[in-house]
1. Round to a whole number: what % of the accessible area of the range 32-190 belongs to carbon and sulfur, probe 1.4 Å?
2. Hey, in the GNM for the chain with a 10 angstrom Cα cutoff, which one of 255, 189, 121 fluctuates hardest?
3. Calculated FRET efficiency, residue 94 and residue 239, Cβ-Cβ r, R0 25 Å, to nearest 0.05?
4. Based on the Kirkwood radius over alpha-carbon pairs, what value in µm²/s does the Stokes-Einstein equation return for the translational diffusion coefficient of the chain at 4 °C and 1.567 mPa s?
5. What is the distance in Å between the Cα centroid of the range 126-142 and that of the range 256-303?
6. Work out the count of Lys pairs in the range 36-193 where the Cα-Cα distance is under 27 Å, with the pair 8 or more places apart or on different chains.
7. Averaged per residue, what accessible area in Å² does the range 1-141 show with a 1.4 Å probe, protein chains only?
8. Excluding residues on the same chain fewer than 8 positions from residue 222, give the aspartates and glutamates whose Cα lies under 20 Å from its Cα.
Amino acid sequence: MEAKGIQMRLTAGEMAQLWAQYLNDSASICILTYFLEKVEDDEIKPVIKYALELSASHVQTITAILTEEKNIVPHGFRIGEDVDLTAPRLYSDAFVLNFIHQMSKVGLTLYGAALAASVRNDIKAYYMDCLTETMGLYKQSTELLLSKGLFIRSPNLPNLEKVEFVKKQWFMLDVIGEKRPLIAAEVENLFANMQRNALGVAALTGFSQVAQDKDVKKFFLKGLEIGNKHIRLFRAKLEESKLPAPMGWDGEITNSTTRTFSDKLMMYFTTGLIAMSVGYYGTGVSVSPRGDLASLYNRLSVEVQMYAEDGANIMIKNRWMEQPPMASDRDELIRQKNK
């Protein structure tokens with residue numbers, strides 16, 4: 001507990017969450033400001049504006065917390081450095097709305113984890129506010145997607161008519177040969193992972209068109225290859241059970257090749273997508289009793305992690321990767337003292 005009148009120092013968990021959120025929200029400010037500048041749909045504009053206001057508010061709050069704690073504020077991303085607001089439109093309004101909807105779902109997960117990692121009352125209160133605000137953004141974006149006929153629903157399954165129990169080990173261990181039908185959790189995760197990959201492929205298509213550095217462009221093209229491969233594999237699993245697969249977003253990217261976002265910002269966003277994929281694939285393993293699905297998720301996760309290493313090397317080479325908060329190197333401090 002916090003002693004009366006005494007503010008506890010930030011824990012490692014609190015520091016990690018605040019630092020990462022500052023980078024995420026400063027990047028979001030650049031992207032959302034550009035989206036707001038280019039939006040044409042008067043119904044989508046308020047959703048972008050609200051999302052931008054939330055990110056700006058979060059950056060302001062985290063800056064105040066870190067400054068009070070005498071911590072350096074991350075450099076993050078800035079409009080003057082990382083986005084050209086005069087660049088032509090790169091994505092359609094429909095893509096932007098779906099992008100914000102997906103990011104609101106990610107935010108709910110991240111803020112829940114941040115709240116669980118928080119000890120100080122002020123930090124807990126802050127993340128509770130973040131959750132409430134993001135629930136509002138999720139609700140607003142969902143309702144607008146539904147009203148415009150753009151919401152992609154996961155497949156329906158037959159109604160349950162009686163309670164049944166698993167009778168054979170075949171339910172879990174059918175790695176080869178004939179497969180049982182997918183259970184609801186497996187369907188949902190395959191569908192959601194396919195949806196997220198489709199969004200990622202569309203984002204990377206735009207990034208690859210406007211990237212300036214040849215290594216960065218090559219990295220995005222490799223990501224497109226991986227993303228499309230994963231989409232095909234997830235689609236095949238759904239089709240085995242005669243279930244529909246979600247559509248892609250390839251038609252929502254313009255032909256612009258003008259520099260829009262900095263290579264640094266696009267690399268950061270892409271590495272974030274990669275990290276989320278690893279987490280979502282891990283969830284897929286945990287909720288998929290069918291052995292072939294667990295094997296698939298594990299295999300794809302390794303592929304994604306190898307791709308992540310390529311991205312990290314590019315960011316380090318170009319000095320784009322900010323070093324996160326870390327423990328003191330006591331051995332190094334002792335060596336300095338003895339010099």
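The values are calculated or read from the model by the stated rules, or taken from the named source; none is laboratory data. Owing to the predicted nature of the structure, the values given are computational and were not obtained by experimental measurement. Here the Cβ positions follow ideal geometry from the backbone for every residue, glycine too, while neighbour counts run over all protein chains shown. Heavy atoms of the whole protein, side chains included, go into the accessibility calculation; ligands, DNA and RNA do not. Shrake-Rupley method; radii C 1.70, N 1.55, O 1.52, S 1.80 Å.
1. On the way: 5220 of 9040 Å².
Of the solvent-accessible surface of the range 32-190, carbon and sulfur hold 58 percent.
2. Result: 121 has the largest fluctuation of those listed.
3. On the way: r = 25 Å, r/R0 = 1.01.
For residue 94 and residue 239, the calculated efficiency is 0.50.
4. Once the numbers are plugged in, D ends up at 59 µm²/s.
5. First find each Cα centre; the distance between them is then 24 Å.
6. Lysine pair count for the range 36-193: 20.
7. Numbers: 6750 Å² over 141 residues.
About 48 Å² of surface per residue is accessible.
8. Answer for residue 222, where 20 Å is the Cα cut-off: 213, 250, 263, 303, 309, 310, listed by chain and number.
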